[in-house]
Each structure stands twice: as structure tokens, then as C-alpha cells.
Amino acid sequence: MSFYTETTLAGYARAAVHLKTGMVGYSRTDLARQYVTTYLDTVFATTGATPTPKVVTAVDRIAHQPWQLGDPYVLAPEMSAIVAAAAQALDLTGEVVPVDIAPSDDGVLFLPEPIYHRGPSGRITSVGAITWTRVHNSDTGSSDWWITGWTDRDDPIDPSAVLLRASDAQTTPLATSLGPYILNCYARLPTGRPVPTRPDPVAADNDIEWMPAPDGRYCIDESTIRVKAVAAIAYAFWVIQAQPLTTVAAPPLDRAARRRAVRHRVAHQTRVVMLRRRKPVTGPHGGEAKWHYRVRFFVKGHWRHLVNADGQPYRIWIHQHIKGPDDAPLLLGDVVNVLAR
């Protein structure tokens, strides 16, 4: 079960609980800890240090705990471009991040339409889910938001996921042991004190192999923003979900999914964050209800995938345009400017 087969709010809630439960099961395996250890070895390689068992245990808990305890949120596909555009413009340098900026202390954000980002090495990876938790350091008395980005292992157009699936095909036991999402990146945002200036990303020119971004998808270039991409996306979501631009729905969960979540002790009150619309209006002849947007917003240029009468797939290019009624306020620019300070 995944978001690729769901189109309703109830389906999103069901898929979110299914994926959370799968990640909770994976997080309890030895493979999950081994993956965190290998990931930290790669991160620490540039400093010459080695992560201690205490550090590995802490990161393992911080990364995986939100999958069980965190409140689940689903970002409606039409919101991905809005959040990505805000994240691209975000600069938190010198800002003091409020303790209550996030909608919950622990959370999981699912992106049915992932946001992609290009790292300093030129590699393209998707952000299909984001987890966050608030961490308190008892030694220093400081607290931080720890934000983790996860790649959807089944993303059909993510270049890195395609390579991973090809590797999994050679090691079938490994493929069945991994969770639906793979740890990809992390970031920390301090609370109660200014956000430090981010050092410029460094990568050897001879090592860069630029991957092309998937057609029609928003891609954030890590080298052009002042905050790590995963932190920028999470912060943009936190702010935008509380604005009049959006509405939050809490679809009911079917009995089977609810019982499964309770059995595995997984937080399952899913909220779907959507673009705010007017109430549905039925035509004069009782036809299908039509939606009317309360706001106007930019739609990024993208490829629209269609199927002709013979069942053959084809695509057409949709140019960037503004969607919504002419007399409605254009909120995207205002939101991005506020986020960019």
C-alpha cells in the first residue's frame, strides 16, 4: 500500500498508517541500527572522527522514534510546489526559531508528491517523508529541532531510488528487510537562540556528476540555499500549514487500519494539509459538485502525463500559470516573502 494508489482523504490516512507501521517494524531491526551506523560513518568521514556507540544510539532513537510517536501529516500534492518554493527562498540566518513553531513535538510529514533536492555532489534524491522531534541537551540546557529526511524507496522517478532498487534486486533478502523509506539526510534547528550561518557546501569539482531532475517536479539545489533543504522544507510546512492559505482535514480511519495502529502502538490521527477551497457548489441540474478556490497561486511549469484513445502514454508541457479566481488574493508571494524575511 502506498500513496501512488490512493486518491481520497481516507486513502491517504490509511496509507500513512500503513507506512508508519512498516517503518516502526523496520526501526526495531538490527539492520536499521546498522544503516544508521554506516550513514554516520559517511558523515563523520570528512572530519576524521568516528561516531561513538552513544552517538549512534542517540541518532538511532531520534531518527526512528517519530515514526511511532509522531503525529502523521500528509501534504496534498497541490501543496508540494508551494512548500518547495517557500523553502527555496528561506533564510533563517540570525533568526530565533520559536519552540512552538511545529504543530507537534514529534511528527511525520508524508509527501505523496515528493520534493527533490540536489546535493553538493550533484546527486538528486527525493524527500518523500520528513520526521521531526525536539531534543533537549541536558549538559548544555539547550534544545533543538532534529529534522530527518527520508527517501521513498518505491519512487518510480527518483534516480537514487532507481539505483537502490537495482541494487536490491541483486540482494533480495536485503530488499525485504528495508523499510518503505530510507534515511537520506538530517538537519538541526536551534530553538531560543539565533540560527548560525551555514557554511558554504564544498564538493570537489572532479567528483561532481550532475543528475537531471525528474520532469515536472520541484528540485531544490542544496548549494543555493542558506538552510539545509530538509530543514527548509519542514520549516516552510510548519509555517504554511497554520496560514489561511491552507485547510487541515482529519479523515476517518477504517477499523482494520485503526486496530493495526493500536496493536503496534503507532500514533494514527492523520491530518491532510490541503489548499483552502470554497464549499462545493452543485450545478443547477444536480450535476457533479465543482470546487472554487479562495486564493490564487502560482503553478510551476510541468509535464502533464496523459493516455490517448489507444492506451499509449504521452505528455504535454503546461507552462507556469496562476490558478484561481481573478478577484481572489494572490497569497503565494506574500507567504514566500515572509518566510524569506
Members of the stretch 300-314 that are among the basic types (Lys, Arg) and either free of Cβ contacts under 8 Å to residues at least 40 places away in the same chain or surrounded by fewer than 11 Cβ atoms within 10 Å (Cβ to Cβ) (or both): ARG304
Some residue of the stretch 43-51 being aliphatic (A, V, I, L, M) and within 15 Å of the chain's Cα centre (by Cα): no
Among the candidates ILE115, ILE124, residue that is more than 19 Å from GLY179 (Cβ to Cβ) and under 9 Å from the mean Cα position of the chain (by Cα): ILE115
Residue count for the stretch 91-109, restricted to those that are closer than 24 Å to ARG226 by Cβ, among the aliphatic types (A, V, I, L, M) and in a strand (DSSP E or B): 2
Qualifying residue in the stretch 35-45 (condition: within 24 Å of LYS228 (Cα to Cα), surrounded by fewer than 18 Cβ atoms within 10 Å (Cβ to Cβ) and touching a residue at least 40 places away in the same chain (Cβ under 8 Å)): no
Single unsatisfied condition, ALA16 versus (1) at pLDDT 90 or above; (2) assigned to a loop (DSSP other than H, G, I, E, B); (3) of a type outside the set (Lys, Arg): (2)
Single unsatisfied condition, ASP207 versus (1) of a type in the set (D, E, K, R); (2) within 30 Å of GLY301 (Cβ to Cβ); (3) modelled with pLDDT under 70: (2)
The stretch 4-16 residues that are among the basic types (Lys, Arg), paired with ones that are assigned to a helix (DSSP H, G or I) and crowded, with 18+ Cβ neighbours inside 10 Å (beta carbon under 9 Å, 6 or more apart): ARG14/ALA257
Which numbered condition ILE147 misses (of (1) at pLDDT below 90; (2) closer than 22 Å to ARG193 by Cβ; (3) of a type in the set (A, V, I, L, M, F, W, C); (4) buried (at least 24 other Cβ atoms within 10 Å of the Cβ)): (1)
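The values are calculated or read from the model by the stated rules, or taken from the named source; none is laboratory data. This is a predicted model, so every value here is computed, not measured. Don't worry about glycine lacking a Cβ; one is built from the backbone with ideal geometry, like all the others, and counts go over all protein chains shown.
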